[in-house]
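Here's the structure, in structure tokens; my notes come after.
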Amino acid sequence: MTPSAAAGASAAPPPGSDTATGSPTATAHDYYTGDQVRLLLGDALSVLRELPDGLADCVVTSPPYFWTRDYRTPGQYGLENTPQHYLDRLRAVFAEVQRVLAPYGSLWINLGDSFSQRTVVRRSSHQGGLHGLRGARPSWRELRAAGRARMPAQNLINSRQIAEKSLLMLPERLLVALLDDGWMLRAKIVWAKTVCLPDPAIDRPARRWEPLFLLTKSRRYVYDTAVAARDDVWHLPASRGAGTHTAGYPVELPHRCIATSCVEGGLVLDPFSGAGTTGLAARQLGRAYVGIDLRADFHDLALTRLGLQRPDTTNLERREGGQAA
């Protein structure tokens, strides 16, 4: 940790606690709390608005990529009508992350790009064929009627169509917006995938890397040079998925981020928690963790990976019913 960064850095309160009193701050979104892990169920933006200022020492996350996967959840990120709407929603989320992050904290974002082309959204990264009503590959009309296909003409940014087959440049566009919002971009890292799925393209190079961005709120921030990676190319395998959640990064990636930029005893936040890979890395390093996701089954999967007991569904439903009443 740099001397300037260490000044003012302190251990975080328990996950989700009130920073002034240290007492638990329960919300309608609580799914699991205990053993330095807190999982919150709901929309990332709505849940973040309930968290106190300066709660997290470090944020490591990978938002759903645009029109890449269907999580079959109302309000999910990634299936917006246009890429501009997608960017606007992510920008709003990271504005709340900026408030929730400690002054000396860091934000790490892994975000891949998408092409402006005819797209069929998948429900799994291992999904082989898409089958129609009679077992054959469905028509585009059938897929569009089911809300699972889009055409290049729908890819509008600032009301202008992006040419077919072009990359949309979504990571870069988001980063420019975040710079306008006061973030500092400290690094662009290449995650070079040592093992990954084949790329079917025949008229461009195969994609074998994804970007990882390091952003901070100020010039002074936690950065442990003793454990930090020495360069901006990280050779790591692609994630093979975890259970029913097949999108994500390998645990080695958030492990590096957290070890570098989260104080000992600090708190790590992931507003797109998924199967809890960031939480697994945080737990390995002895940090507290707060994860947010729209799907309860993903939280259940995360708890299994973390070696924690799932909440009693009956009690959870009974509690939610009481709140609704």
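Rule-based calculations on the coordinates, nothing more; no lab input. Fair warning: this is a prediction, and the values are worked out from it, not measured in the lab. Cβ coordinates were reconstructed from backbone atoms using ideal geometry, including for glycine residues, and neighbour counts include every protein chain displayed.
As a rough footprinting exposure proxy, the listed residues LEU167, LEU90 were ranked by other beta carbons within 10 Å of their own, and the order from fewest upward is LEU167, LEU90. Take 57-63, 260-266 and order them by the average number of nearby Cβ atoms within 10 Å per residue, most first; the result is 57-63, 260-266. Local charge for GLN117 was computed over the other residues whose Cβ lies under 10 Å away, with Lys and Arg +1 and Asp and Glu -1, and equals +2.
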